[in-house]
Structures are given as C-alpha cells and as structure tokens.
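Student: Take a look at this one; I'll ask things after.
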Amino acid sequence: MGFVYRPLADILVAEPLDTILQRVEATFGKPPTSPVVDAVTGSASPPDDKISEALKLYFNDIARDDLRTKSPDQRKRWKAKRQMSVDVFISLVGDKPMGEVTRDDARVIHKYWLDRIAPEKGRADRSASTGNRNMGNLRILYADYYRHLGFPEQKNPFADLSFSDKSKRSRPPFPTDWIRDKIFAPGALAKLNDEARGIVLALAETGARPSELANLHAGVIHLDHEVPHISVQPRDDPDDPREIKTASSVRKVPLIGVALDVFRKHPQGFPRYKDREAALSALLNNHFKTHKLFPTDKHTFYSLRHSFEDRMKNARLDEELRRMLMGHTINRPKYGEGGDMKMWQEELMKIALPFDPAIV
C-alpha cells in the first residue's frame, strides 16, 4: 500500500502530519478490525520469528541473491557456518524470538567463545578468528533480519562483541630445496591419483589456491596462446555458478616449468575435484603427512602457495606483479592489464624449479 510499517508510537513521533493523514485516509471503507487497518495504523504486532525461523528466512529470502552465484558446495559450506552459529546460540540461550534477544544473551555467547579462545586454564581449542566469525554471523543475521522487516535502526545486541586476534600467524612456506628434493622427488607423489598429483605440482609453479585449480575447466586453460596461461575467474553459468574469493583474485597466471607439463596432460582441468576442494584438502594433507613431506607440523600443502610468493620475493620480482599473480589487492586504481604477459612469463622463469618429467 506504499507505507512502511511502524508501531503507532513511532508513527506519531517520526512522521509528518500529511503522511499520518494519508494513513488514516487509506483505512476509509475498511472494517475497523481489518488486518490492513491494524498494519497501516501501526496497531498490529510486527513479526517476531524465533531465531531458527529467522535463519530460514535469511537463507530463503534475505540472502538468496548472494547465494545465486555460489556453487552447490560453496552454498553448503556457507550455510553450514551460519547454522552452526545459530545452533550454539540455541543450545546456550534457547530458540528465542528475535525481539527477545538481549545484550545479556549475546554476552553468554561471547563468554562461550571466550572460554574456548582464552581459557583460564589449559590450552585454547579455538582461534580468535573462529570466535569472531561466529559472533559476526549472529550480528549480521540480526541486522539483516530487521533491515528486511523495515527496522534498520534496531539496536543490535551483538554489536562490538569480538576478540583480539594479535596472535594470527600465516602458514610457513616450504623451503625451495625441500620442494625440489622432497616433493618433486620421483615417487613422492606417485600414490596420489593423476589429478590430485597434478594440482600439487601446478600449485607449486602457479601459486594458485587449491580451490582455484580444482575448479578450472577447458575454457580457462589457454595452452595455444603465445604465452600459455590459466585464467582464474568466476563461473557465470547460471546452471553451474561459482564465486571467486575476491575481485582481486580474478587474474591470469602464465604456465611455466612443471605447471605447463601438468596442463598439457590435463587440458580439461581436474573434474574429479570440481566443487570438492574439502575432499582434495583432506587427501593431500593426509598424503603429505603419511609420506613425511611436511618439514614441520605447522605446514600444510597450502604452504606451497606461500613458497611461490617467497620465491618471487627472493628473485626480486616487482611487488605489483607479485600481487597480481597471487590475486592480492593492489592499493591503487587499476589501469589496463598491468604489463605484458610475455614479460610476466620471463619474470616467472627466474623461479622455475627443475623437475623430472616422469613425476607428472
């Protein structure tokens, strides 16, 4: 009917007389007990879903546009994280109506994560980033729910409840000689299937994220180009969408050394692991651990990405080029492609690792 719902008290305080009269005129000819009259005049109670119902509304309506560009596995993992946050809330506080969620309830959740992140005794079993992500999920759910209902000014009980993350550490890189002598050693990756092995080797010489490599397809693998390369980009197919982590992650990466051999063998990509990066991660970390391919217990196979970046630094490749190839943000307006692909290829050849073609 063209009106924003407000309780009667808010109508009288916030709206000009002309708008109030328009509300009154809109009720003419309608029964006094009509739900339309109650809604227009602000005497109807606003919706007050339980938090479990609010989450369903969030998944089905509020966030539907955000979800449409995600692949099935991305949607599944995205929903699972938010479902877990709400499940913790319900287990500690109950499945309360959204209008009854208080600051005290939010503090109960904060205390639960605080006790796991910084226990008074013993070791932490969760990181600050985990706690912040879960508090953030509840904060966003609450804000988006009330924004959806037309109450963006609703005070958020989860506001400003977070955890200090000063101890955050990045994964250590593999030393270059470890990659060359251990990971690239004949037989080191032989028990992996061809596609998983190809992803490990391609990761070492492209620095691409495992999820990016696992979801490449023939249309973005350019072997017949003057400079063979892969294009990391979202899948725009409405029947088979997939998001890329950030806008800066969209990029081209020249193929050199073992990575070029890998894609000559796998010109269609790695369909076995399309939208299955969790299974890929579990397989590779287990293989590396079982075959003693980790220098320390702090390494994961993802550390190969950090090694690629370190090797570029040590070879004194231009910082902006490094950021482009890694898919990191460049803090300036973007102009053109950032250089010639041939130059990128020549620069990367400075860090190409020797390899036995048999390992591919």
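The values are calculated or read from the model by the stated rules, or taken from the named source; none is laboratory data. As the structure is a computational prediction, the values presented were derived from the model and not from experiment. Heads up, the Cβs are rebuilt from the backbone with ideal geometry, glycines too, and the neighbour counts pull from every protein chain shown.
Student: In the set LEU203, LEU189, LEU213, which member is in contact with a His (Cβ under 9 Å, 6 or more places away or on another chain) and at pLDDT 95 or above? Walk me through it before giving the result.
Tutor: Values: LEU203 fails: in contact with a His (Cβ under 9 Å, 6 or more places away or on another chain); LEU213 fails: in contact with a His (Cβ under 9 Å, 6 or more places away or on another chain).
On inspection, the qualifying residue turns out to be LEU189.
Student: If we scan the stretch 121-139, do we find a residue that is among the basic types (Lys, Arg) and touching a residue at least 24 places away in the same chain (Cβ under 8 Å)? Steps first, please.
Tutor: Restricting attention to the stretch 121-139, the residues satisfying the condition of being among the basic types (Lys, Arg) are 121, 123, 126, 133, 139.
Going one step further and asking which of them are touching a residue at least 24 places away in the same chain (Cβ under 8 Å), we end up with 133.
Yes; the residues of the stretch 121-139 include at least one that is among the basic types (Lys, Arg) and touching a residue at least 24 places away in the same chain (Cβ under 8 Å).
Student: Only one of these conditions is not met by MET1: (1) closer than 30 Å to ILE244 by Cα; (2) of a type outside the set (D, E, K, R); (3) surrounded by fewer than 13 Cβ atoms within 10 Å (Cβ to Cβ). Which number is it?
Tutor: (1)
Student: From ARG305, ARG323, grab the single residue that is modelled with pLDDT under 95 and surrounded by 17 or more Cβ atoms within 10 Å (Cβ to Cβ).
Tutor: Numbers: ARG305 fails: modelled with pLDDT under 95.
One residue alone meets the criteria, ARG323.
Student: Among the small types (Gly, Ala, Ser), buried (at least 19 other Cβ atoms within 10 Å of the Cβ), touching a helix residue (DSSP H, G or I) at 6+ places or on another chain (Cβ under 8 Å) and at positive phi, is that true of GLY207? Steps first, please.
Tutor: Numbers: among the small types (Gly, Ala, Ser): yes; buried (at least 19 other Cβ atoms within 10 Å of the Cβ): yes; touching a helix residue (DSSP H, G or I) at 6+ places or on another chain (Cβ under 8 Å): yes; at positive phi: yes.
Yes: the conditions hold for GLY207.
Student: Which residues, counting only those in the stretch 274-295, are outside any loop (DSSP other than H, G, I, E, B), more than 24 Å from the chain's Cα centre (by Cα) and of a type in the set (D, E, K, R)?
Tutor: So the first thing to find is which residues in the stretch 274-295 are outside any loop (DSSP other than H, G, I, E, B), and the list is 277-290.
If we keep only those that are more than 24 Å from the chain's Cα centre (by Cα) as well, we get 287-290.
The one that is outside any loop (DSSP other than H, G, I, E, B), more than 24 Å from the chain's Cα centre (by Cα) and of a type in the set (D, E, K, R): LYS289.
Student: Next question. One residue is enough: does the stretch 26-34 have a residue meeting the conditions more than 30 Å from VAL88 (Cβ to Cβ), at pLDDT below 90 and not in a loop (DSSP other than H, G, I, E, B)?
Tutor: Yes, there is a match, as at least one residue in the stretch 26-34 is more than 30 Å from VAL88 (Cβ to Cβ), at pLDDT below 90 and not in a loop (DSSP other than H, G, I, E, B).
Student: Also: (1) touching a Pro at 6+ places or on another chain (Cβ under 6 Å); (2) part of a helix (DSSP H, G or I); (3) not acidic (Asp, Glu): which one isn't true of LYS298, the others all being true?
Tutor: (2)
Student: Filter the stretch 21-64 for residues that are of a type in the set (Ser, Thr, Tyr) and within 26 Å of ARG139 (Cα to Cα); which is surrounded by the fewest Cβ atoms within 10 Å (Cβ to Cβ)? First the steps, then the outcome.
Tutor: Narrowing the stretch 21-64 to residues of a type in the set (Ser, Thr, Tyr): 27, 33-34, 41, 43, 45, 52, 58.
Then drop every residue that is not within 26 Å of ARG139 (Cα to Cα), which leaves 45, 52, 58.
Numbers: SER45: 8, SER52: 14, TYR58: 21.
For the stretch 21-64, the residue satisfying everything is SER45.
Student: Now for a different question. Of all residues being within 18 Å of the chain's Cα centre (by Cα) and part of a loop (DSSP other than H, G, I, E, B) in the stretch 241-263, which is surrounded by the fewest Cβ atoms within 10 Å (Cβ to Cβ)? Just the residue, please. Give the derivation first.
Tutor: Of the stretch 241-263, the ones within 18 Å of the chain's Cα centre (by Cα) are 241-251.
From what's left, part of a loop (DSSP other than H, G, I, E, B): 241, 243-246, 250.
Working: PRO241: 17, GLU243: 17, ILE244: 19, LYS245: 13, THR246: 10, VAL250: 13.
Among those residues, the one meeting the criterion is THR246.
Student: Could you give me the residue pairs with C-beta distances under 6 Å whose first residue belongs to the stretch 161-189 and is surrounded by 13 or more Cβ atoms within 10 Å (Cβ to Cβ), whose second residue is of a type in the set (Asp, Glu) and at pLDDT 95 or above wherever it lies, and which are 6+ apart or on separate chains?
Tutor: Here the result reads PRO173/ASP310, each pair linking the stretch 161-189 to a residue that is of a type in the set (Asp, Glu) and at pLDDT 95 or above.
Student: Checking ARG6 against (1) assigned to a loop (DSSP other than H, G, I, E, B); (2) within 30 Å of LEU92 (Cβ to Cβ); (3) among the basic types (Lys, Arg), which test does it fail?
Tutor: (2)
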